[in-house]
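Just below is one structure, and these are the notes that go with it.
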Amino acid sequence: MAVFDNGERAFHTVRNLVIAAVVLLILIACWPFKSVPTGSRGVLTQFGAIKGIESEGLVIVPPWQQVNLFSIRAETAHIDKATGSTSDTQPVDVDLTVRYSILPDRVAEVYEKYSHNGDLQSYVQTATQEVFKAVTARYIAPDLIAKRSQVSNDILDLLKQKLEKYGAQVINIDMRNFAFSDSYMKAINEKVTQEQLRLAAENRVKTVEAEQKQKVAIAEAEANALKAKADGEAYATIKAANAQAEALRVQNDALAKNKDVLELRRIEVERLKAERWNGALPQSIFAGAPIPFMQVKQD
């Protein structure tokens, strides 16, 4: 009897465990509370048909419906060696990185037509290739380098239009490693070298011209200084001559007005001669020369 009771109790225990497990599985399968994480949307489907879009947070889902997580976070698509050709028929390729995200109000459309999780990399890569070809065809090869910022903006604007029909918005693009054919790059390098040589030659010419102008300016300054000095000396000489002439004129005027002064001067000169005579007669007397005064001593 005890053995029967133990077997019955074991049977009931196993049965209860099985029932609890089944109930637990049913609860898990039919649990109505779901959560949608930040940066996602919940796509409610019923037997494959879209019934609604849920935002982040707690969502109550009936057992006959399913919530599918759909990312609206920024995604990245890498396009290696996007190829194109310039308007002057130069082949060019570039590496591009495109950052994009799904428009929240287009989630249902994208889920139904293009992607069940928000990943549109294949569409973005194809669209970017097409856009790059279209944009590079607008430019000649040198402008792709010289106007890189403008080229990038053109690609961005055209790509936005292209991806809008897929329900995606372009956040930004990065361009790297513009590359042309080897022959063209060689030609560019040679042209740059020639341009640098030309600029260097022009700079040398400008330097020589500046030095020559400096020398001319110095020479002109020295010449002006010498001229100013000569003018000053000439002016001083003229002033001195004028002063001397004026003094002589004044003296002559004074002598002319007073003849007694002339006579007095003559007498003074004769007196000085007499005082300086040593008593010796001249050896030769020229015609018209005055005979010196002789005193004859009388005994």
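Applying the condition of being without any contact (Cβ under 8 Å) to a residue 24 or more places away in the chain and touching a strand residue (DSSP E or B) at 6+ places or on another chain (Cβ under 8 Å) to the stretch 140-165 and asking which residue is farthest from Ala82 (Cα to Cα) yields Lys160. Being surrounded by 10 or more Cβ atoms within 10 Å (Cβ to Cβ), at pLDDT 75 or above, under 30 Å from Ala141 (Cα atoms) and of a type outside the set (A, V, I, L, M, F, W, C) is a condition met by no residue of the stretch 226-238.
When Ala223, Ala168, Ala201 are screened for being touching a residue at least 24 places away in the same chain (Cβ under 8 Å), of a type in the set (A, V, I, L, M, F, W, C) and surrounded by 10 or more Cβ atoms within 10 Å (Cβ to Cβ), only Ala168 passes.
Of the residues making up the stretch 119-149, those that are farther than 24 Å from Tyr100 by Cβ and not hydrophobic (A, V, I, L, M, F, W, C) are Tyr139, Pro142, Asp143, Lys147. Checking each residue in the stretch 118-165 for being within 34 Å of the chain's Cα centre (by Cα), hydroxyl-bearing (Ser, Thr, Tyr) and either surrounded by fewer than 16 Cβ atoms within 10 Å (Cβ to Cβ) or within 24 Å of Gly39 (Cα to Cα) (or both) picks out only Ser149.
Looking at Ala77, Ala108, can you tell me which residue is within 18 Å of Asp174 (Cα to Cα) and of a type in the set (A, V, I, L, M, F, W, C)? None of the others qualify; the one that does is Ala77. Looking across the stretch 38-72, just one residue is among the small types (Gly, Ala, Ser), over 54 Å from the mean Cα position of the chain (by Cα) and either assigned to a strand (DSSP E or B) or on the phi < 0 side of the Ramachandran plot (or both), and that is Ala49.
The values are calculated or read from the model by the stated rules, or taken from the named source; none is laboratory data. Everything quoted here is computed from the prediction, not taken from an experiment. Glycine also receives a Cβ, built like all others from the backbone with ideal geometry; neighbour counts cover every protein chain displayed.
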